[in-house]
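Read through the structure below, which is laid out as structure tokens, and then see the notes.
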Ligand SMILES: Cc1cc2nc3c(=O)[nH]c(=O)nc-3n(C[C@H](O)[C@H](O)[C@H](O)COP(=O)(O)O)c2cc1C
């Protein structure tokens, strides 16, 4: 494969040398483009020696008189990898700025799906809404992102922004099934607690978020069990649907499949209460008021947290106020690895909508805010975070 590696000026440039080496070692022809600022961290000579090719920096250095360098390099490349990608080059790409070879070349790419971006920067720069919106813009155009990891950064801060490791970058470039042989159990949608044969207690959840997660897991090669009351015809052979109605049904299925699961994602909006008595026949209408006594259903997430072995356990918190505080409390109480929290009081996101706005919070209290996005895209980001945990 012909690979163009764009190296921009961040401290992680030294790690990009290893990436070049691995790409060459596995038989690719690699040409490196460096920004002027990248040269301040590592010399061209290093990349030239490792790639065994000329390193390109200057847009006006037209080596071959018969070609226009930035156009021909794009035509030559099967894949373009920006690693490390600075906040600056991401911003330039998102806004069509083309003031050096690397950024001009990116503007000359027609097929965005051949671009892979591995960001690396300080956490504040990474979480800055400007950087986030630039990244989202490029994602929406179809460019691939290789998520930064959480870790100790060169600046001494602990947080998100570390360049993904070489193995993860390679897996992404080769479109390897990153979750092959992983067993992932996802719960989705509401549960229904019947009062009599025609009436039940439930909530407006549709299961769209959980289904998006199940589909993304399947795309990445996992063996997926989707436990749901929602009506859904799987698009992938590796999704096995187990239909349930009540919280008790869901508990039985999840419990029986827990030991074999590597990851459990509990996105279902289960009913916390059920009627003490379920009538076999339809309750007759009466003139006076009636009361229905309710009892607590099984707390599935608590059971999973208490019986956790090697599994990665991901919970959801749907709240109408103090979303982050409740979620932080829940992650501890239920012994979770990640929690995805959202505000269901907002009409345009959450239940039944195609979009959502969530916080992904981990055990160490790192908070990743995902601004309003399609549930599919949020599913991708949740799985990127899960993959980071699996690779630790
Ligand atoms: C020591 C040092 C380390 C830096 N590390 C990063 C980094 O990891 N990520 C980043 O986005 N910018 C980093 N910067 C800032 C960029 O170098 C700066 O924004 C520059 O304009 C990027 O240019 P380029 O994108 O054209 O390479 C760093 C700067 C210095 C001085």
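The values are calculated or read from the model by the stated rules, or taken from the named source; none is laboratory data. Source: prediction; values computed, not measured. Cβ atoms come from the backbone with ideal geometry, glycine included; neighbour counts cover every protein chain shown.
For residue 97, the conditions (1) closer than 20 Å to residue 11 by Cβ; (2) surrounded by 14 or more Cβ atoms within 10 Å (Cβ to Cβ); (3) within 13 Å of the ligand (Cβ to nearest atom) are fulfilled apart from (1).
When residues of the stretch 110-125 are filtered for being more than 8 Å from the ligand (Cβ to nearest atom) and modelled with pLDDT of 95 or more, how many remain? I'd like the intermediate steps shown before the answer.
First, pick out the residues of the stretch 110-125 that are more than 8 Å from the ligand (Cβ to nearest atom): 110-118, 123-124.
Checking which are modelled with pLDDT of 95 or more leaves us with 115-118.
Within the stretch 110-125, residues that are more than 8 Å from the ligand (Cβ to nearest atom) and modelled with pLDDT of 95 or more number 4.
A quick yes/no check of all residues on (1) within 24 Å of the chain's Cα centre (by Cα); (2) farther than 25 Å from residue 18 by Cα:
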residue: 68; (1), (2): no, yes
residue: 73; (1), (2): no, no
residue: 79; (1), (2): yes, no
residue: 84; (1), (2): yes, no
residue: 87; (1), (2): yes, no
residue: 90; (1), (2): yes, no
residue: 93; (1), (2): yes, no
residue: 102; (1), (2): no, no
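Residue 302 fulfils the conditions (1) modelled with pLDDT of 95 or more; (2) over 18 Å from residue 269 (Cα atoms) except for a single criterion, (2).
Return the residues of the stretch 52-83 that are part of a loop (DSSP other than H, G, I, E, B), away from the ligand (no atom under 14 Å from the Cβ) and either closer than 27 Å to residue 123 by Cα or at pLDDT 90 or above (or both); say none if nothing qualifies.
52, 53, 54, 77, 78
Against the criterion of being in contact with a helix residue (DSSP H, G or I) (Cβ under 7 Å, 6 or more places away or on another chain) and more than 20 Å from residue 171 (Cα to Cα), residue 17 does not qualify. Scanning the stretch 19-51 for residues that are surrounded by fewer than 16 Cβ atoms within 10 Å (Cβ to Cβ) and within 16 Å of the ligand (Cβ to nearest atom), which turns out nearest to residue 71 (Cα to Cα)? Once the filter is applied, the top-ranked residue is 36.
When residue 249 is tested against (1) within 26 Å of the chain's Cα centre (by Cα); (2) assigned to a helix (DSSP H, G or I), only condition (1) is not met. What about residue 86, is it farther than 18 Å from residue 13 by Cα and within 16 Å of the ligand (Cβ to nearest atom)? So residue 86 does not fit the description; no. Restricting attention to the stretch 138-166, the residues that are away from the ligand (no atom under 15 Å from the Cβ), surrounded by 15 or more Cβ atoms within 10 Å (Cβ to Cβ) and in a helix (DSSP H, G or I) total 2.
There is no residue in the stretch 267-287 that is in contact with a helix residue (DSSP H, G or I) (Cβ under 9 Å, 6 or more places away or on another chain), surrounded by 20 or more Cβ atoms within 10 Å (Cβ to Cβ) and without any contact (Cβ under 8 Å) to a residue 40 or more places away in the chain.
Each residue in the stretch 89-135 was checked for being within 24 Å of residue 68 (Cα to Cα) and in a helix (DSSP H, G or I), and 16 of them qualify. Summed over the stretch 167-179, the residues that are part of a loop (DSSP other than H, G, I, E, B), modelled with pLDDT under 90 and at negative phi give a count of 4.
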